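A short worksheet on the structure shown next.
Derivation of every value follows stated rules applied to the coordinates shown; laboratory data play no part. Just so it is clear, the model here is predicted, and its values are computed rather than measured. So basically every Cβ, Gly included, is an ideal-geometry build from the backbone, and we count neighbours across all protein chains shown.
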Amino acid sequence: MNKTEAKKRIEKLRELINYHRYLYHALDKQEITENALDALKKELFDLEQAYPDLITSDSPTQRVGSQPLDSFEKFEHKQPMLSFFDAFSREDMDNWEIRNKKILSEKEIEKIEYYCEPKLDGLAIELVYRDGVLVIGSTRGDGRIGENVTQNIKTIEAIPLKLRNEKDVIIELKKIGLLAVAESLEQKGVKELIVRGEAIITKKDFEKTNKQRLKNNLPPYANPRNLAAGSIRQLDSAIVSERKMESDVYSLVTDLGQKTHEQEHLILKAFGFKTNNKYNRLCRNMDEVFEYYEYLKNIRETLPYEIDGAVVLVNDNKIFKELGIVGKAPRAGIALKFALKQAVTIVEDIVVQVGRTGAMTPVAILKPIEVGGITITRATLHNEDEIRRLGLKIGDTVVVGRAGDVIPEIIKVFSELRTGKEKNFIMPQKCPDCDNKLVRKNKEVTWYCPNANCFSRKRRYLDHFVSRKAFNIDGLGPKIVDRFLEEGLITDAADLFDLKEGDILPMERFAEKSAKKVVEKIQSRKHITLSRFIYALGIRNVGEKTAQDLAKKFGSIEKIKNLSLEDLENTQDVGPIVAQSIFDWFRNQHNINFLNKLFDKKITIEKEATVGIKLRGKSFVLTGTLISMSREEAKEKIQSLGGEVLSAISKKLDYLVAGENPGSKYDKANELGIKIINETEFLRMLK
């Protein structure tokens, strides 16, 4: 191939590679595999190496710079890069709207609508294109002067090095009805295009980077935003390239005749930028803004990247401009943040809680604080070793977080804020309830109360015994169970089946009807499947899945009771720790007495339903409310026919069963093209 032929081939290869980049990143489509695209890039690279004078700055091969930089140059933005004030509640948002309306005329107030989009947790960037080619990529800096990080920006595949052909852009704009913008482009063209967006790291790549850092004995990054910021400011673009950064472009600075922020997003997509349009929404009023906010909260965990709220903007650009700027923030935009996941408070005390197996769990008593929209007063400390690891003392100022938005825990201790009045926590040597000496089994970090008759142990165990996954006795909440124990009506779970109406009636707030209902409910639960029965026994380390495996493998409680430790260890999915727990439980005379007592109450264990083959190999997710059965019953029916019930939506899922008022899983399944069936179709499938 001579130089003339190579030049033509290079031009065609660049055009083809850019086309597939646009498909993948801007349109979320894929016509060829990544391997095929890599092969095209390899051919282009080889040709450019053969003819180095044909290499241009916008070539797809030039995403990684050849030499690390010594430092970054400063870059002045033509227009300031503003940030947003934060809001956390409906009251904050209403006040923001009221303040804005005071500035506007009646006509303008009538025209107000809001454009909402996810607030990505990344690093703000600005991109400058001249004659369609990326010439500057910069950070926000102080809003006026940032840093020129073009070499690193180029490594982000989602960011085009060269814009789409203007003719193609004009055709696309006409298709979507932006005729005025299309005509303006036809007449004037665009010499310089300035856009803004966010450089981000996906959750998957964040975890991957942190795993590698831990392997290299380096501290992990605290969150994806820190990693994104650290990556963009690397002097060596080869390191940035390894981190597989993404981008979302959301603002068009150059005036192309756009009238609204919504139009900006459509124009950006037409030029070939990756936008978040499918998750954005135009809202007519504040009620719709909060509907969108709830939608984002529901899909938050399913998104591939972190978001920390919604950006809410006055959609009309003219009104937006008229509202002006306060400090470094526009009046017409605000960040509606999710409730904080972390907060700072003081540990007022540390107490020990007794679990159903006798496990002693230290719990921090906190000065009340709101975390994630909920006031919390306690946080788990797991065990004595965890307190040591944190270096925690009573009286310390701490950061409290809600793990997975649910379980409060202490994340960090500010030892530098100590006054000298703080006290060390000393693990009690005796159970705080029954005064028995605590024991710690070999190699375990947890202390235990060995007394099977300990009141706290009994109370926790009874809650477990009557729970939905065990005997499923509705109406027996913790308060009622506590009263049964305190009144001496029961000494253990087996005594529940002896209760009569006359036993319960004398108790305060129990009418004849409610007493009768409780007794009937208890008696109706004397028949139970083996897997539920095993789970109800509360054997340490034996959860619902292990109980099902044991029931399926051995078929009776007698067989399980007589198994050797070796038999248990050789059972699939039962590890040595679980095997030891099961073996020990059935060698404890107190437990055997309790087991016999249950059978004396005429508890009958039903055979596990024979697993059918009708749904074998099929997976299901349940969402919404089913009319004909509970979720638990639906789950059992699917499993009885050989199907699998999952908790999350993925591309591998076969069916989403949608009841009334389905949640965000319905939208996710729709997006992925998963088969969605209603309750009628589901029942037909079960038959």
For Val363 and Asp474, compute 0.36 nm times the residue count separating them, minus their Cα-Cα distance, and round to one decimal in nm.
37.1 nm
Where does the chain land at 222 nm, in deg cm²/dmol rounded to the nearest 500, when only DSSP H runs of n ≥ 4 count, each adding -39500 (n - 2.57), divided by all residues?
-11000 deg cm²/dmol
The range 451-489 and the range 151-173 have their Cα centres apart by a whole-number Å value of 64 Å
What's the ranking of 447-454, 540-547 by average number of surrounding C-beta atoms within 10 Å, highest first?
447-454, 540-547
Can you compute 3J(HN,Hα) from phi for each residue in the range 159-167, using the Karplus curve 6.51 cos²θ - 1.76 cosθ + 1.60 with θ = phi - 60°, rounded to whole Hz and x for Gly and Pro?
8, x, 6, 9, 6, 4, 3, 4, 4
Using a cut-off of 10 Å between beta-carbons, work out the net charge of the residues near Glu147 (Lys and Arg +1, Asp and Glu -1, Glu147 not included).
+2
Label the chain by shape, choosing from rounded, prolate and oblate, from the square roots a ≥ b ≥ c of the eigenvalues of the Cα gyration tensor; if a/c is under 1.5 it is rounded, and otherwise prolate applies when a/b is larger than b/c, oblate when it is not.
prolate
Using Cα pairs under 8 angstrom and six or more residues apart, how large is the relative contact order of the range 245-335, in percent?
25 percent
For peptides 613-622, 267-276, sequence by mean Cβ density within 10 Å, most packed first:
267-276, 613-622
If I take the Cα coordinates of the range 449-525 and project them onto the principal axes, what are the three extents in Å, biggest first?
39, 26, 19
Using alpha-carbon pairs under 8 Å, 6+ residues apart, how would you state the relative contact order of the range 455-606 in percent?
24 percent
Within the range 533-560: backbone nitrogen closer than 18 Å to the Lys652 label point (7 Å, Cα to C-beta):
none
Taking R0 as 41 Å, what's the FRET efficiency between Glu291 and Thr380 from their Cβ-Cβ distance, rounded to 0.05?
0.75
Over the chain, calculate the relative contact order: mean separation of alpha carbon pairs under 8 Å at least 6 apart, over the residue count, as a percent.
9 percent
quick note, the chain, DSSP beta bridge pairs, % antiparallel (nearest 5) is 80 percent
Given R₀ = 60 Å, what would the calculated FRET efficiency be for Gln212 paired with Met507, taking r from the Cβ atoms and rounding to 0.05?
0.50
At 7 Å along the Cα-to-beta-carbon direction for both Glu566 and Glu348, put a label point, then send me their distance in nm to one decimal.
5.8 nm
Given 20 °C and 1.002 mPa s, compute D for the range 619-686 with the Stokes-Einstein relation, Rh being the Kirkwood radius over Cα pairs; round to the nearest whole µm²/s.
182 µm²/s
Honestly the range 66-179 on the Cα gyration tensor test (a ≥ b ≥ c root eigenvalues; a/c under 1.5 rounded, otherwise a/b vs b/c for prolate or oblate) is just oblate
Sorted peptide list for 160-171, 80-91, criterion being average Cβ within 10 angstrom, highest first:
160-171, 80-91
So how much slack lies between Lys552 and Ser83, counting 0.36 nm per residue of separation and subtracting their Cα-Cα distance, in nm?
163.0 nm
A chain fully extended from Lys101 to Glu186 at 0.36 nm per residue, minus the present Cα-Cα distance, gains in nm 26.8 nm
Give a quick list of GluC sites (Glu not before Pro) in the range 450-515 that DSSP marks as loop, anything other than H, G, I, E or B, with at most 10 other Cβ atoms within 10 Å.
Glu508
